[in-house]
Amino acid sequence: MLPVTGRKPVPLPKGMPPYVVVRLKRGWRYSESRRVCVSSEGQETSLCEGLPRGSRIVPVVPHAARADPKSLSKHEQNLARYMHVILRKGSVPSQYLGALRERPCVEDAQLPPEISLPE
């Protein structure tokens with residue numbers, strides 16, 4: 001096996017919009033029909049407020065995000081908390097991390113992982 005000496009970044013596919021990975025706090029869910037995050041107590045908040053026009057939220061695991069939390073295992077409930085915040089083409093995702101992290105429903109917001117291959 002050859003030693004890995006460096007990494008070469010792999011560019012994202014052409015046309016792929018920029019995005020941020022968001023993990024909701026426990027007890028929060030994203031309601032696709034209402035386009036807001038809803039707490040188990042009924043509090044609502046928007047993830048898209050203050051983001052570029054046309055931004056949208058996409059659950060990483062749509063089936064788990066749409067399911068009744070009581071019907072999911074502990075691990076499935078955890079997966080249901082992950083969302084991709086898809087930004088308008090040309091947006092810089094790092095500019096929106098702070099604003100997303102301040103939302104009452106967000107536990108964490110991160111840039112997507114950088115994909116690379118050994119050189």
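The order of the peptides 19-27, 42-50 by mean Cβ neighbours within 10 Å, most packed first, is 19-27, 42-50. Could you list, by residue number, the cysteines of the chain that have no other cysteine's beta carbon within less than 4.7 Å of their beta carbon? So far as the 4.7 Å Cβ criterion goes, Cys48 stand without a partner in the chain.
Among the trypsin sites (Lys or Arg not before Pro) within segment 32-81, those in coil by DSSP and having at most 10 neighbouring Cβ atoms inside 10 Å are Arg34, Arg53. Note on segment 15-112: dipole from Cβ charges, positive end direction compared against Val36, Leu72, Gly90; the farthest Cα belongs to Gly90. Remark: the chain carries a charge dipole of roughly 220 debye about the Cα centre, counting +1 on each Lys and Arg Cβ and -1 on each Asp and Glu Cβ. On the beta carbon distance between Lys74 and Gln110, with R0 = 22 Å, the FRET formula returns roughly 0.50.
Listed by chain and number, the lysines whose alpha-carbon sits under 29 Å from that of Lys14, ignoring those within fewer than 8 places in the same chain, are Lys89. A viscosity of 1.306 mPa s and a temperature of 10 °C, combined with the Kirkwood radius over C-alpha pairs in the Stokes-Einstein formula, give segment 15-112 a diffusion coefficient of 118 µm²/s. Partners of Lys70 within straight-line reach, counting lysines whose Cα lies under 27 Å from its Cα and excluding those fewer than 8 residues away in the same chain: Lys25. Our helix-only sum for the chain, with -39,500 (n - 2.57) per DSSP H run of n ≥ 4 divided by its residues, gives a mean residue ellipticity at 222 nm of -3000 deg cm²/dmol.
Modelled spin-label separation between Arg66 and Lys8, with each label point placed 7 Å from Cα along the Cα-to-Cβ direction: 4.0 nm.
Readers should treat all values here as calculations from the given coordinates under stated rules, not as data from a laboratory. These numbers were taken from a predicted model, which means no experiment stands behind them. All Cβ positions, glycine included, derive from the backbone under ideal geometry; neighbour counts span all protein chains shown.
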